[in-house]
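The values are calculated or read from the model by the stated rules, or taken from the named source; none is laboratory data. A quick note: this is a predicted structure, and the numbers were derived from the prediction, not measured. Cβ placement follows ideal geometry from the backbone for every residue including glycine, while neighbour counts extend to all protein chains displayed.
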Amino acid sequence: MGKKLYDQEFKKTIVDLLESGKTPKELLTEYGVSLASINRWRNEFSSTTNNREDLSVLETEKQKVKALEKELKEMKLERDIFKKGGKHLFQERQVRYSFIKTHTGVFPVEKMCSIMNVSKNSYYTWVRTDNKQKDSLIYLKQRITGIYNDSNQVYGSLRVQKMLERENLFYSRSYIAFLMKELGLKSVLSKKYKVMTTNSNHDFPIAENILNRGFSSSQLGEKWVSDITYIKVGSGWNYLTTILDLADRKIVAWTLSADMTTKNTVYKAWVLAREKRKITNNHIFHSDRGVQYASNKMVSLLNLSSKITQSMSRKGNCWDNAVSESFFKTIKYECTNRYNFKSYLHTYHIINQYINWYNNSRIHSALDYKTPAEKELELRIINNKKVA
């Protein structure tokens, strides 16, 4: 009798049955396959599977290496651009545009625009525009309209004037106001803002007013101020908690909650802030006398670090926390008062958009009309020079 021939599918079936719990003797009895054949097939398929797994692992590692190489290349490119153009970062846009144009062909335009903190569209607009057009009334009106719309109709004549100066276009504020009126451009009106402090009717100990209206700082992470405000959502309320760094006026962290518990307001905001930014060894955390800030949960958290000194406003004195109150006034008339919120998600989305714009694009009078992002970079450069 000749030797039996088995196809690959039959062999795979025997190996699958073996792996499912069948013994070789059971398979021998049921299918008449020798023990030697069963063991050989098991080894063959096991080797094939292992090879495939090894190839899969190798391919995964190759992809990781490629991703790391790409990331390294990007980092080196950013480093090279910063080394050549870093000195231009705080100069007028015209200077930054000139740097980009000079180095076109050396570095990618999109990457240079990102490093120089200008949009690619604005750069190409500048490239297409000659000096005659810049001085023309038509061009000036276009830039006023563009700046106004980019601010979501927030900027009035003063901030539009300051933005024009960044483009080396110098005009009086009264002339800008005249042109804006002619163009029908009007800043969103400031509705009357009523300061609403958190509940200070409690028996928790009150911290001393260490900040004492010292609202200036030259060190990131040295002085943070915090507060909670109400946002109308549907027929109820949500509660916005913010932590602001007085050095660059950046909103370091914020939360939106459906209740006013310590856990979901300031506690959560504090944890987020500590994840995003380091604090100095002489850190002051200031707030009003609200129950959330005076609670055992919050005080215990702050007392975990010897770096932190808690500070609270004097009773009934909202001016002791004026910077936080000012931010709430700003966000309400520039953002939330312009919407009829129906849900938490809609509210969160709009506030997130606004705070990103506020931190990265909105110029601040307290920062000599720089953005918080620009001020942060300026302070980090100064600090790095001191360390060096």
Contacts under 9 angstrom Cβ, first residue in segment 52-80 being at pLDDT below 75, partner hydroxyl-bearing (S, T, Y), 6 or more apart
E78/S114
Yes or no: segment 128-136 includes at least one residue that is buried (at least 17 other Cβ atoms within 10 Å of the Cβ) and either over 20 Å from K332 (Cα atoms) or modelled with pLDDT under 85 (or both).
no
When you scan segment 44-51, do you find a residue that is part of a helix (DSSP H, G or I), modelled with pLDDT under 75 and closer than 30 Å to M163 by Cβ, even just one?
no
Determine if segment 254-264 includes at least one residue that is surrounded by fewer than 23 Cβ atoms within 10 Å (Cβ to Cβ), at pLDDT 95 or above and of a type in the set (G, A, S).
yes
Taking S300 as the residue in question, decide whether it is part of a helix (DSSP H, G or I) and at pLDDT 95 or above.
yes
Restricting to segment 355-388, what's the tally of residues that are within 30 Å of S235 (Cβ to Cβ) and surrounded by fewer than 19 Cβ atoms within 10 Å (Cβ to Cβ)?
2
Of all residues in segment 257-285, which are closer than 23 Å to N383 by Cβ and touching a Gly at 6+ places or on another chain (Cβ under 9 Å)?
R277, K278, I279, T280, H283, I284
Here are the criteria: (1) of a type in the set (S, T, Y); (2) without any contact (Cβ under 8 Å) to a residue 40 or more places away in the chain; (3) over 22 Å from H364 (Cβ atoms). Tell me which single one T330 does not satisfy.
(3)
When you look at Y293, is it buried (at least 20 other Cβ atoms within 10 Å of the Cβ) and either part of a helix (DSSP H, G or I) or in contact with a helix residue (DSSP H, G or I) (Cβ under 7 Å, 6 or more places away or on another chain) (or both), yes or no?
yes
